[in-house]
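Here the structure comes first, spelled out in structure tokens, and everything after it is commentary.
The values are calculated or read from the model by the stated rules, or taken from the named source; none is laboratory data. Since the structure is predicted, the reported quantities are computational estimates derived from the model, not experimental observations. Note that each Cβ is placed from the backbone with ideal geometry, even for glycine, and that neighbours are counted across all protein chains shown. Accessible surface areas use protein heavy atoms only, side chains included; no ligands, DNA or RNA. Shrake-Rupley method; radii C 1.70, N 1.55, O 1.52, S 1.80 Å.
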Amino acid sequence: MFMERLQKVISNAGYCSRRKAEELILKGKVFVNGNLVKELGVKVSNDDIIVVEGVTLNKKSNKEYYLLNKPRGVICSVKDEKGRKVVTDLIDTSERIYPVGRLDYDTTGVLLLTNDGDFVNILMHPSNEIEKTYLAVIEGIMTTEEIYKLKEGIIIDGEKIVPKRVKVKKKELNKNKEKVEITIVEGKNHIVKKLFKAVGHPVAKLTRERLAFLDVKGLQSGEYRLLTSSEVKRLKQLKKK
Ligand code: URA
């Protein structure tokens, strides 16, 4: 069961700020499952009933939003016929959450998981142009012409993909590899690998560094956290009218 600090749950529910929630706890204004909690540091789960100043926290939605730093070697799905590890195995929840979009088995980095279908639609719908930034280690060193070709756009499966940004971060001449950051709005399967392959440089390693304004700062590989209510709100606001 995923546990969070009481003051964080109170503020995430929109009742008040985290600091104010701490004050209320210390003043003896908070009950968890009917028991008075007067010290900080208590953790609660989604099933706990929290009453603050006589008000039961609004639990009308049990929508959950997680940000996972996806490790390599995990399938981006809710189950696998061959019994391999899937991303939902890494998250401790009783809700039926699923990944927002796909990262390949060997891709690491930012992955959102939720049980909120509308939220998924907003993030996945191409018209909302949600930016995804990847760091790719590619085989070989791109020529100026190849970089130009990539920036101008490549036809992949009949659709022209024009990256928002392409930036060479580091040339590893001794290894004959190059680190390139690429930002795209498309969410098609294997899209980054296909783009680099199309200019003659297969991807050796791929990490999603950012999705919109989210990154995995502070999360080790395989670690996750809940999105804050303001992060969820900001992501929902990315929906174009
Ligand atoms: N593009 C890819 O090629 N692979 C991923 O995992 C994500 C984007």
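Number of residues in segment 107-124 that are assigned to a strand (DSSP E or B) and away from the ligand (no atom under 13 Å from the Cβ) equals 3. Only one of the listed residues (116, 104) is open to solvent by 20 Å² or more (accessible area, probe 1.4 Å) and either closer than 19 Å to residue 231 by Cβ or not aromatic (Phe, Trp, Tyr) (or both). That residue is 104.
Residue-by-condition table, conditions (1) more than 26 Å from residue 73 (Cα to Cα); (2) within 15 Å of the ligand (Cβ to nearest atom):
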{"position": "126", "(1), (2)": "yes, yes"}
{"position": "129", "(1), (2)": "yes, no"}
{"position": "133", "(1), (2)": "no, yes"}
{"position": "144", "(1), (2)": "yes, no"}
{"position": "147", "(1), (2)": "yes, no"}
{"position": "160", "(1), (2)": "yes, no"}
{"position": "164", "(1), (2)": "yes, yes"}
{"position": "173", "(1), (2)": "yes, no"}
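Taken across segment 92-100, residues that are modelled with pLDDT of 95 or more, assigned to a loop (DSSP other than H, G, I, E, B), open to solvent by less than 20 Å² (accessible area, probe 1.4 Å) and under 21 Å from residue 223 (Cβ atoms) do occur, with at least one present. The single residue among 141, 155 that is under 19 Å from residue 206 (Cα atoms), outside any helix (DSSP H, G or I) and not small (Gly, Ala, Ser) turns out to be 141.
In segment 177-190, the count of residues that are at pLDDT 95 or above, out of contact with any Pro (no Cβ under 7 Å at 6 or more places or on another chain) and more than 16 Å from the ligand (Cβ to nearest atom) is one or more.
Checked against the criteria, residue 197 counts as closer than 12 Å to residue 139 by Cα and open to solvent by 30 Å² or more (accessible area, probe 1.4 Å).
Taken over segment 157-193, the criterion of being touching a residue at least 40 places away in the same chain (Cβ under 8 Å) and open to solvent by 20 Å² or more (accessible area, probe 1.4 Å) is satisfied by 177, 179, 181, 185, 186, 187, 189, 190, 193. Being among the small types (Gly, Ala, Ser), at pLDDT 95 or above, open to solvent by less than 30 Å² (accessible area, probe 1.4 Å) and not assigned by TED's automatic domain parsing to the domain that holds residue 69 is a property that residue 109 lacks. Of the residues in segment 125-138, none is assigned to a strand (DSSP E or B) and surrounded by fewer than 13 Cβ atoms within 10 Å (Cβ to Cβ).
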